[in-house]
Amino acid sequence: MKKWNVATLSACKGVRKLGCCTVYDACFARLADEAGVPILLVGDSIGMAALGYETTLPVRLEETLSATAAVARGAKDAMVVADMPFGSYQCGDDLAVANAVRCMKAGAEAVKLEGGAEVAGLVRRLARAGIPVIAHVGMMPQRVHGYGGFRKQGKTPEAADAIRADARAVAEAGAFAVTLECIPADLAAEITSELAILTIGIGAGPACDAQWLVMHDLLGLNAAAPSFAKRYARLGDAARQAFTAYVADVAAGAFPPK
């Protein structure tokens, strides 16, 4: 195994597709790392996947920092990326840089933030400060209320042009990768072909250089998953059966053993 970093990840563009995922604790970070997952994202999706929120918006920076530290302790070779939660970078570039520094001190090796041309200046400042950045365009979950729900973006020519311009802006500002979420596959393919940096898709088709998948969807821990997600296990069913057997054993006096 090799330690993944900006250089080794960037060298995979056009050569090797990368399967990346979210994790939120040391245990699953270790398992994913041992399996060879190159990027472990401490996503603000922790809010919906693990904390019981209906959106990502309530996630606090302190929750991200705690999870980032745990993931960093569990990972050895994967790059650990901290997703900057809503409110941690919309409040002025000075505070945003300070919050990104806190993420790095917690164990992150890069940060991810949502936005296109409007955050290009911040991306440039972070990159110049030595903080690697993954940008995020297309459908941005932190803007769910503006969309009126989690809805596919870039469906009209005008919307597609805006997403292309956003992706170009963050690449020119110094992001080493850009997430393309819930946009038409042909648009994602065009952006991937145009940009020299990595594109990481989620619900954006197979042409992207890499893919994100939320850990809970990948492992079948959620009752429902997005249509583009694939369940590679059904750990939710296995866990439920284990809990049921445990409760039954205790009730029957079979656990603990004499």
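The values are calculated or read from the model by the stated rules, or taken from the named source; none is laboratory data. Being a predicted model, the structure only gives us computed values, none of them experimental. Heads up, the Cβs are rebuilt from the backbone with ideal geometry, glycines too, and the neighbour counts pull from every protein chain shown.
Numbers below:
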{"read-out": "Residue tally, condition aliphatic (A, V, I, L, M), without any contact (Cβ under 8 Å) to a residue 40 or more places away in the chain and more than 18 Å from A229 (Cα to Cα), over segment 134-193", "value": "6"}
{"read-out": "Matching option when the condition is farther than 25 Å from N5 by Cα and either among the basic types (K, R) or touching a strand residue (DSSP E or B) at 6+ places or on another chain (Cβ under 9 Å) (or both), among I183, I134", "value": "I183"}
{"read-out": "Failed condition for G130, given (1) assigned to a loop (DSSP other than H, G, I, E, B); (2) under 22 Å from S227 (Cα atoms)", "value": "(2)"}
{"read-out": "Some residue of segment 195-210 being modelled with pLDDT of 95 or more and assigned to a helix (DSSP H, G or I)", "value": "no"}
{"read-out": "Some residue of segment 138-151 being touching a strand residue (DSSP E or B) at 6+ places or on another chain (Cβ under 6 Å), more than 22 Å from L61 (Cα to Cα), of a type in the set (A, V, I, L, M) and assigned to a loop (DSSP other than H, G, I, E, B)", "value": "no"}
{"read-out": "Test result for A188, in a loop (DSSP other than H, G, I, E, B), at pLDDT 95 or above and among the aliphatic types (A, V, I, L, M)", "value": "no"}
{"read-out": "Conditions (1) at pLDDT 95 or above; (2) surrounded by 11 or more Cβ atoms within 10 Å (Cβ to Cβ); number of the one not met by P256", "value": "(2)"}
{"read-out": "Residues (more than 19 Å from P132 (Cβ to Cβ) and over 19 Å from the mean Cα position of the chain (by Cα)) located in segment 192-212", "value": "S193, E194"}
{"read-out": "Residue tally, condition buried (at least 19 other Cβ atoms within 10 Å of the Cβ) and either aromatic (F, W, Y) or outside any loop (DSSP other than H, G, I, E, B) (or both), over segment 165-175", "value": "6"}
{"read-out": "Selected residue (criterion: farthest from A224 (Cα to Cα)) from residues of segment 25-63 that are acidic (D, E) and part of a loop (DSSP other than H, G, I, E, B)", "value": "D25"}
{"read-out": "Single unsatisfied condition, M215 versus (1) surrounded by fewer than 19 Cβ atoms within 10 Å (Cβ to Cβ); (2) modelled with pLDDT of 95 or more", "value": "(1)"}
{"read-out": "Within segment 73-97, considering residues that are among the charged types (D, E, K, R) and part of a loop (DSSP other than H, G, I, E, B), the one surrounded by the most Cβ atoms within 10 Å (Cβ to Cβ)", "value": "D77"}
{"read-out": "Test set (1) part of a helix (DSSP H, G or I); (2) in contact with a Pro (Cβ under 8 Å, 6 or more places away or on another chain) - K105 fails condition number", "value": "(2)"}
{"read-out": "Flag for F176 being of a type in the set (A, V, I, L, M, F, W, C) and under 16 Å from I202 (Cα atoms)", "value": "no"}
{"read-out": "Selection count where residues are of a type in the set (D, E), under 13 Å from A167 (Cα atoms) and surrounded by 21 or more Cβ atoms within 10 Å (Cβ to Cβ), scope segment 98-141", "value": "1"}
{"read-out": "Unique residue being hydroxyl-bearing (S, T, Y), within 24 Å of R151 (Cβ to Cβ), modelled with pLDDT of 95 or more and crowded, with 23+ Cβ neighbours inside 10 Å when the list is T64, T56, T68, T22", "value": "T22"}
